[in-house]
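All remarks here apply to the structure that follows.
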Amino acid sequence: MLIDSHCHLVYEGLAERQDEVLASARAAGVKGFLNISTREREWGDVIAVAERESDVWATVGIHPHEADQHADLGRDILLEASQHERVIGLGESGLDYYYDKSDRQVQQDLFRMHIGVARETGLPLVIHTRDADQDTGDILEDEMGKGAFPALIHCFTASPEFGRRVLNMGLTISLSGIVTFKNAVELQEFAKEIPDDHLLVETDSPFLAPVPHRGKTGEPAFVRNTAEFVAELRGVSVEALGATTTANFFKLFNKANPA
């Protein structure tokens, strides 16, 4: 049993063949899907999939790329959306200094707003961070000082030092298909370090298809390839890794009920 802890089922490449994509994943042993939102206008579509499919859940949040367009989004709007029974997490939110598509201060302000709602609701925050290790870590530590909140770093590609820093704060780390890439040697070594109870796997589909599907449209079914690769790295069976990461998912996203 596997859970794809991060996919975008309403994005082009998956949305137009959603039924087929989900059926293929279920046939591959994927028993749950977290459908992630990145901007307010797609919250309704993301939630609608979760309302229709008992093994799909939703998040609500604003991606750092979209921060400038949501600079005035108040916490009350996010808080209200998070009350929906099929919404089990917040995000994805965070900092992206690689593309810098939004003002960095606006990114930081929205990130802190998401953290505040995570603290208030107890819903886990799905964090996107790219080329922003220092600021992401500093904000997380500062906000943890105001009161703990559940969170994970999705699609982890940062330095091992940053990874150890967030693990020390109690965060979970999710590995995507990037870990299977030939040039991801440092990430592969760090993947062996992540404690069993702080590990998830994901696809970030339709992006980042793992080997042997690299270059194709990513699909939730491909989480099995990532899980098999990570299991081999860690010296365990894919069944054991699946059981561990599935248990971790339902422990972290405790508003979800196994389908």
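Read-outs throughout are calculated quantities, based only on the coordinates presented, and are distinct from any laboratory measurement. This is a predicted model, so every value here is computed, not measured. No Cβ is skipped: glycine too gets one built from the backbone with ideal geometry, and neighbour counts run over all protein chains shown.
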Fill in: Some residue of the range 129-138 being hydroxyl-bearing (Ser, Thr, Tyr) and more than 13 Å from ALA151 (Cα to Cα)
no
Worksheet entry | Every pair of residues 6+ apart whose Cβ atoms lie under 6 Å, when the first sits in the range 213-237 and is closer than 15 Å to ILE3 by Cα and without any contact (Cβ under 8 Å) to a residue 24 or more places away in the chain while the second is of a type outside the set (Ser, Thr, Tyr) and in a helix (DSSP H, G or I) | GLU228/VAL238; ALA231/VAL238; ALA231/LEU241
Discussion item. Looking at THR172, THR129, can you tell me which residue is in contact (Cβ under 8 Å) with a residue 60 or more places away in the chain and among the polar types (S, T, N, Q)?
Written reply: THR172
Worksheet item: Does the range 82-111 hold any residues that are under 17 Å from LEU34 (Cβ atoms), aliphatic (A, V, I, L, M) and free of Cβ contacts under 8 Å to residues at least 40 places away in the same chain, and which are they?
Response: LEU90
Worksheet item: What about GLN134, is it free of Cβ contacts under 8 Å to residues at least 60 places away in the same chain, in contact with a strand residue (DSSP E or B) (Cβ under 7 Å, 6 or more places away or on another chain) and of a type in the set (S, T, N, Q)?
Response: no
Practice prompt. Would you point out the residue of the range 48-63, among those that are free of Cβ contacts under 8 Å to residues at least 60 places away in the same chain and surrounded by 22 or more Cβ atoms within 10 Å (Cβ to Cβ), that is nearest to ALA81 (Cα to Cα)?
Written response: VAL60
Fill in: Answer residue from the range 219-239, given it is among the small types (Gly, Ala, Ser) and in contact with a helix residue (DSSP H, G or I) (Cβ under 7 Å, 6 or more places away or on another chain) and is surrounded by the most Cβ atoms within 10 Å (Cβ to Cβ) among those
ALA227
Item to complete: Looking for whichever is of a type in the set (Lys, Arg) and part of a loop (DSSP other than H, G, I, E, B) here; the options are ARG224, ARG214. Which one fits?
Response: ARG214
Response to the item:
Of ALA243, ALA209, the only residue that is closer than 16 Å to ILE3 by Cβ, among the small types (Gly, Ala, Ser) and touching a residue at least 24 places away in the same chain (Cβ under 8 Å) is ALA243
Worksheet item: Do the conditions hold for VAL166, that is, is it within 23 Å of GLU16 (Cα to Cα), among the hydrophobic types (A, V, I, L, M, F, W, C) and buried (at least 16 other Cβ atoms within 10 Å of the Cβ)?
Response: no
Practice prompt. Within the range 168-204, track down each residue that is of a type in the set (Gly, Ala, Ser) and on the phi > 0 side of the Ramachandran plot.
Written response: GLY170
Item to complete: Identify all residues within the range 149-197 that are acidic (Asp, Glu) and under 22 Å from LEU34 (Cα atoms); write none if there are none.
Response: ASP196, ASP197
